[in-house]
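Notes for the one structure printed next.
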Amino acid sequence: MKIIVLGAGVVGVTTAWFLREEGAEVVVIDRQDSAGKETSFANGGQISVSHAEPWANPHVLGNVARWLFKKNAPLLWHFRADFNQWRWALEFLRECPESRTRKNVAAILNLALFSRQTLQNLREKEALNYEQSTRGILHLYDDERSLKSAHNALSWMQELGLDRRFISKEEALHLEPALKSAKKNILGADLTLSDESGDAFLFTQQLAQKAKEKGVEFLFSTRAQKLVAQDDKIAGVVIENAENPDSTLLTADAYIVALGSFSAPFLQALGLRLPIQPAKGYSITLDLTEQSVAPLLSLTDDSKKLVFSRLGNRLRVAGTAEFNGFNLDLDEARAQNILNETLEWFPQIHHQGDPHFWCGLRPATPSNCPLIGKTRFENLWLNTGHGTLGWTLSCGSGFLLSQMLAQKPLKGIFAHRIFPFLER
Ligand SMILES: Cc1cc2nc3c(=O)[nH]c(=O)nc-3n(C[C@H](O)[C@H](O)[C@H](O)COP(=O)(O)OP(=O)(O)OC[C@H]3O[C@@H](n4cnc5c(N)ncnc54)[C@H](O)[C@@H]3O)c2cc1C
């Protein structure tokens, strides 16, 4: 069976890997010159099952009201004359009541647990090294509001089998001594020892290389223009690259769309409406000097919605969400604000060279549940819409989709198709 995977981000590459493991002939197409160069490039690095609570939750409306007119707010909504954006906003509101949030937490958490285990198995089997750390993730709260709102989600996650638990400030400082010099007042903390972190870009590049060695074909610097449909099937994908400037039709038995935020406009021409909006986020990466007192543990500042990951000698800090279409302009002030917050937490950090500022577009669905499964075209599949958790969910999503394409029965919690991402 020949399968074309569109997109070589962390989701496309893991999908290609597991399809190849199932014996498929796989071709991956990406407009960049190598794998993982867009949203998977400099994300927060967390493999965070503990982050399974979606943005759409009962507390978000209070937060949005507080943040609405603040330039440095963690979440910014730019009002645009875009019908899809407004429809997405309405769908987002529908996901906010507690009953919906709870269902979404369960779906995301189950996939995240499975995905983390799949990543661990893959890492061991293929001896992957991507500056990973397996010390866990510590959530920090420096205001009462965010601490209070963490309680529900934390107890749901515990019920679903996650080892996330509140710990004292003293235990937090003991686990991460670099916090002792923080200018922030830690009011509470919780720890998920089984969570991890690592560089998604290094992982994606390494796995792509290994996939190539196993026979996966990568067509880089190649743009997928459109899919050509014939009745209820896809007949091919039109591509263009330097060798084929006049565009060529590539054909396969099945096609998988893993184009991140661009999956939605790409499929619009076929009449498929994916509920995905690009949510721009920022990261900064600091090359640490030896004198730096920097965290080794991966951290989440739950009040400011920032995540910190130690990647070898580098510290990556990421966060913020801005809904402003596909705009990828880098607002220095917003990145600088992340740097300022970092120095509030860790005043004794010193870095060599300029900080690396970056921004990327999270493919956000209203519920933060990804879209994994078949479309109404019988040979067109989706693996996209992973929002805030694409790195965490990638291995599990890739594996699941490979099982669906191989027509293998889904086992365990995935057998009943009770999760929204399997129903589409
Ligand atoms: C600031 C920030 C912090 C984050 N932190 C975390 C975190 O800590 N943990 C976590 O789990 N997740 C995190 N995420 C989310 C995660 O990075 C994304 O969900 C994930 O990278 C999405 O992967 P993807 O493969 O779907 O998309 P992408 O990585 O964007 O891949 C899509 C690919 O499609 C290609 N493409 C698009 N259109 C075309 C076309 N027409 N033709 C050919 N190729 C095309 C692109 O070049 C790209 O390589 C974060 C995201 C951001 C922005």
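Restricting attention to the range 191-227, the residues that are more than 22 Å from Thr15 (Cα to Cα) and in a strand (DSSP E or B) total 2.
Name the single residue that is nearest to the ligand (Cβ to nearest atom) among those in the range 46-82 being in a helix (DSSP H, G or I) and surrounded by 14 or more Cβ atoms within 10 Å (Cβ to Cβ).
His51
Tell me, please, whether a residue that is over 18 Å from the mean Cα position of the chain (by Cα), surrounded by fewer than 20 Cβ atoms within 10 Å (Cβ to Cβ), more than 29 Å from Val11 (Cβ to Cβ) and among the acidic types (Asp, Glu) can be found in the range 83-91. Taking every residue of the range 83-91 in turn, none turns out to be over 18 Å from the mean Cα position of the chain (by Cα), surrounded by fewer than 20 Cβ atoms within 10 Å (Cβ to Cβ), more than 29 Å from Val11 (Cβ to Cβ) and among the acidic types (Asp, Glu).
Every residue, every condition in (1) more than 22 Å from the chain's Cα centre (by Cα); (2) surrounded by fewer than 17 Cβ atoms within 10 Å (Cβ to Cβ); (3) in contact (Cβ under 8 Å) with a residue 12 or more places away in the chain, yes or no:
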residue: Glu98; (1), (2), (3): yes, yes, yes
residue: Asn110; (1), (2), (3): no, no, yes
residue: Ser115; (1), (2), (3): no, no, yes
residue: Thr118; (1), (2), (3): no, no, yes
residue: Lys125; (1), (2), (3): yes, yes, no
residue: Gly136; (1), (2), (3): no, no, yes
residue: Leu147; (1), (2), (3): yes, no, yes
residue: Trp156; (1), (2), (3): no, no, yes
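Number of residues in the range 287-299 that are more than 14 Å from the ligand (Cβ to nearest atom), buried (at least 20 other Cβ atoms within 10 Å of the Cβ) and among the small types (Gly, Ala, Ser): the value is 1.
Rundown of residues vs (1) of a type in the set (S, T, N, Q); (2) under 28 Å from Ser146 (Cα atoms); (3) away from the ligand (no atom under 16 Å from the Cβ), yes/no style:
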| site | (1), (2), (3) |
| --- | --- |
| Gln158 | yes, yes, yes |
| Ala172 | no, yes, yes |
| Leu175 | no, yes, yes |
| Leu179 | no, yes, yes |
| Lys184 | no, yes, yes |
| Asp190 | no, yes, yes |
| Ser194 | yes, yes, no |
| Ala208 | no, no, no |
| Ala224 | no, no, no |
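Inside the range 166-181, can you point out the residues that are surrounded by fewer than 17 Cβ atoms within 10 Å (Cβ to Cβ) and small (Gly, Ala, Ser)? Within the range 166-181, Ser168, Ser181 meet the criteria. The residues of the range 228-270 that are more than 12 Å from the ligand (Cβ to nearest atom), hydrophobic (A, V, I, L, M, F, W, C) and part of a loop (DSSP other than H, G, I, E, B), listed by number, are Ala242, Ala252, Leu270.
On the given criteria, is Asn383 within 11 Å of the ligand (Cβ to nearest atom), in a loop (DSSP other than H, G, I, E, B), within 20 Å of the chain's Cα centre (by Cα) and crowded, with 20+ Cβ neighbours inside 10 Å? The answer is no for Asn383. For the range 360-373, the criterion of a residue being within 12 Å of the ligand (Cβ to nearest atom) and free of Cβ contacts under 8 Å to residues at least 60 places away in the same chain is satisfied by at least one position.
Evaluating Asp302 against the criteria (1) under 19 Å from the mean Cα position of the chain (by Cα); (2) within 13 Å of the ligand (Cβ to nearest atom) leaves one unmet condition, (2). Among the residues making up the range 17-40, those that are of a type outside the set (Val, Ile, Thr) and away from the ligand (no atom under 11 Å from the Cβ) are Trp17, Phe18, Leu19, Arg20, Glu21, Glu22, Gly23, Ala24, Glu25. Asn43 fulfils the conditions (1) within 27 Å of Asn313 (Cα to Cα); (2) more than 9 Å from the ligand (Cβ to nearest atom); (3) in a loop (DSSP other than H, G, I, E, B) except for a single criterion, (2). Considering (1) β-branched (Val, Ile, Thr); (2) within 19 Å of Ser133 (Cβ to Cβ); (3) away from the ligand (no atom under 13 Å from the Cβ), the lone condition that Ile284 does not fulfil carries the number (3). If the condition is being over 14 Å from Tyr282 (Cα atoms) and part of a loop (DSSP other than H, G, I, E, B), then the range 306-347 contributes Gly312, Asn313, Gly325, Phe346, Pro347. Within the range 350-404, the set of residues being closer than 30 Å to Val293 by Cβ and hydroxyl-bearing (Ser, Thr, Tyr) comprises Thr388, Thr392.
Checking Gly312, Gly360 one by one, the residue that is at pLDDT 95 or above, surrounded by fewer than 17 Cβ atoms within 10 Å (Cβ to Cβ) and not charged (D, E, K, R) is Gly312 and no other.
The values are calculated or read from the model by the stated rules, or taken from the named source; none is laboratory data. Computed from a predicted structure; not experimentally measured. Heads up, the Cβs are rebuilt from the backbone with ideal geometry, glycines too, and the neighbour counts pull from every protein chain shown.
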